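Structure first, commentary second.
The values are calculated or read from the model by the stated rules, or taken from the named source; none is laboratory data. Only a predicted model underlies this, so the values are computations on that prediction, with no experimental measurement involved. Cβ sites come from the backbone with ideal geometry, for glycine too, and all protein chains shown count toward neighbours. All accessible areas refer to the heavy atoms of the entire protein, side chains included, with ligands and DNA or RNA removed. Shrake-Rupley method; radii C 1.70, N 1.55, O 1.52, S 1.80 Å.
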Amino acid sequence: MPRGGYSAKYTCGEAWYRINYSASGEWVSGVRIYRTPRLPGAIKDKVEYAYAGYTIVRVEEINYVKNIDTAYVIHMQDTTGVKVICFCNGRMNSLDDTASK
């Protein structure tokens, strides 16, 4: 980890987790990835409407200590390729399409 922090990785049920800590042992962030992609209904509806024709293949749920909202990194694909977006604080932003390759 940058700046001397560390991570703990484990699986529990249907999810894979990574918890990140600072060098002093404080919790910084956590990532949860389900084997079957999961999104809250309202977010899923917005993503599916904006990206009709794409199939959601992976969702990374990211929780930060200093942020109120959870961020979702959503990996999708269609017949032409892969699309990666981030949904956080009610906003959807496209990320670099090569991020999941």
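Here are some notes:
- Cross-chain or 6+ apart pairs with Cβ under 7 Å, segment 9-25 first and among the charged types (D, E, K, R) and at pLDDT 90 or above, then assigned to a strand (DSSP E or B) and open to solvent by 90 Å² or more (accessible area, probe 1.4 Å): 18/9
- No other residue among 57, 47 is touching a residue at least 40 places away in the same chain (Cβ under 8 Å) and either more than 13 Å from the chain's Cα centre (by Cα) or at negative phi (or both) apart from 47.
- The numbered conditions (1) open to solvent by 50 Å² or more (accessible area, probe 1.4 Å); (2) in contact with a Ser or Thr (Cβ under 8 Å, 6 or more places away or on another chain) are all true for residue 76 except (1).
- Assessment of segment 31-54 against the conditions (over 19 Å from residue 85 (Cα atoms) and surrounded by fewer than 11 Cβ atoms within 10 Å (Cβ to Cβ)) yields no matching residue.
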